[in-house]
Amino acid sequence: MEPLERENQILEIHQLALARYQSADRNDAVTLMRQVVLHYADFETTGVPLLRSNIIHKKRAFACEQCADMLMEREEYPEAASLYQEAVDVFGSLQDSESMQHAGECAHKTVVAINSLRAKPQDRLKLLIAHYERKLQQLRIQSGTALEQAQVHVEVAKIYMRRERYTESRVSYKTALHLFEFGNSDSENVLRCAECHHQLGNLARYRFHEMEEAIAHYERAIPLYDAVTSLETYDPSSRAMCQLALKEIEELFTEGSRAFGEGHSGL
C-alpha cells in the first residue's frame, strides 16, 4: 500500500472513531481509536515520507491524547496514563510552540490519571503492565515479531512474579514459551525456552504444589540448557538447580510412599 493511501486509510478510521464517540457509541469509539494510535505508530516505523513525518507525528500525538481522554471517562486510568505519556513524548519531539504547549497539557493529564489510581489501588499494578501491553499491541500488527512479543511476555511475567500474582505470571511465561518455541532455533532462543521451562517448573512446585507439572518442566529445561553451554549468557547453575529440584521432588515422593506403606503395614 502506498504511503498516501495508508495515511488516508488511517484518517478514515480516525474520523469514524470520533463520529462514533459523538453519537455516544463510546465502546466502539475507543476500539477504533486504539487502532488509530497503533496504526500511526506503525506507519512511522515503516516508511513515512520525510515531508510528511512531522504531520504524521502530530496526528499520532493527537490520537493518543483523544484515546486517553476517552479512557479517562471510562475510568481506565492505567492505559490512559500510558497514552498521555506517549502523547507527551511525541508532541515534545516536534519542538514547535503549539506542540510544546500540547505536551505540557498532556503531562498534566498524565499526573491526573496517575493520581486517580489512588482511589483504585487495585489498578496500580495495571499501570506497570500498561507500557508492556501497549508494546505488545504494536508488535501484533507487525509481521515477524513473535520473538519480540515473547520477550515482552517474559518481562510481564517477572512483574507479576514480584507482585506475587502467580497465576498471571504463569500465564505470561506459558505465552512466552509458546512464542519462543515457534521461533527460530538459534542458541539464544533455545536458552530462553529453557529459562521459561525453569520458571514454570518453579511456579508449579513452590506456588501451585503441582509436582508432576514441575517435573515435566524441569525435564524439558535440562536438555535445552545442555544445548547452549557455549553461550556466554548461559549460567551452569541454572541446569544444576533444575537437576537438584528433580532430585528433591523424587525424594519427596519416596518419603511419601514410604510413609504411606508404613501407615498401612499394620492393617
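Values for this structure:
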quantity	calculated
Which labelled figure in (i) 47, 23, 15; (ii) 37, 27, 25; (iii) 29, 21, 18 is semi-axes √(5λ) of the Cα gyration tensor in Å, once derived from the coordinates	(i)
Diffusion constant of the stretch 28-105 at 20 °C, which comes from Stokes-Einstein with the Kirkwood Cα-pair radius and 1.002 mPa s, µm²/s	170
Inter-site label distance for THR167 and GLU250 at 7 Å from Cα along Cβ, in nm	3.4
Net dipole in debye of the chain [+1 Lys, Arg Cβ; -1 Asp, Glu Cβ; about Cα centre; nearest 20]	560
Unit charges on C-beta of K, R, D, E only; dipole of the stretch 1-119, Debye	120
Computed log₁₀ I(q)/I(0) - Debye formula, equal Cα scatterers, no solvent, the stretch 34-155, q 0.11, 0.13, 0.14 Å⁻¹	-0.39, -0.54, -0.62
Helix axis angle, 124-140 relative to the chain longest principal axis, alpha carbon, degrees	80
Theoretical gain in end-to-end length, ASN27 to HIS108 [0.36 nm per residue, Cα-Cα removed]	26.6 nm
Footprinting exposure proxy for VAL152, VAL30 (fewest neighbouring C-beta atoms within 10 Å first)	VAL30, VAL152
Pairs from LYS59/LYS158; LYS58/LYS126; LYS59/LYS109; LYS59/LYS126; LYS120/LYS158 whose Cα-Cα separation, in the structure shown, is over 29 Å	LYS59/LYS158
Mean Cα-pair separation over length for the chain, i.e. relative contact order, pairs under 8 Å, 6 or more apart, %	9
Selection from ALA17, THR45, VAL111 lying farthest towards where the dipole of the stretch 1-119 points positive, charges on Cβ	VAL111
Quotient of C-alpha Rg and 2.2 N^0.38 Å, computed over the stretch 143-267	1.23
Amide H contacts of ARG163 (H built 1.01 Å from N, under 5 Å, at least 5 apart or other chain)	none
Least to most buried among ASP69, ASP123, ASP96 (fewest other Cβ within 10 Å first)	ASP96, ASP69, ASP123
Exposure proxy order (Cβ contacts within 10 Å, fewest to most) of PHE91, PHE62	PHE62, PHE91
Tilt relative to the chain, helix 77-94 - C-alpha long axis, 0 to 90 degrees, to 10	50
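Since every read-out is calculated from the coordinates, none of them should be taken as a lab result. This one's a predicted model, so the numbers in the text were calculated from it and none came from an experiment. Neighbour counts run over all protein chains shown; Cβ positions are idealised from the backbone, glycine included.
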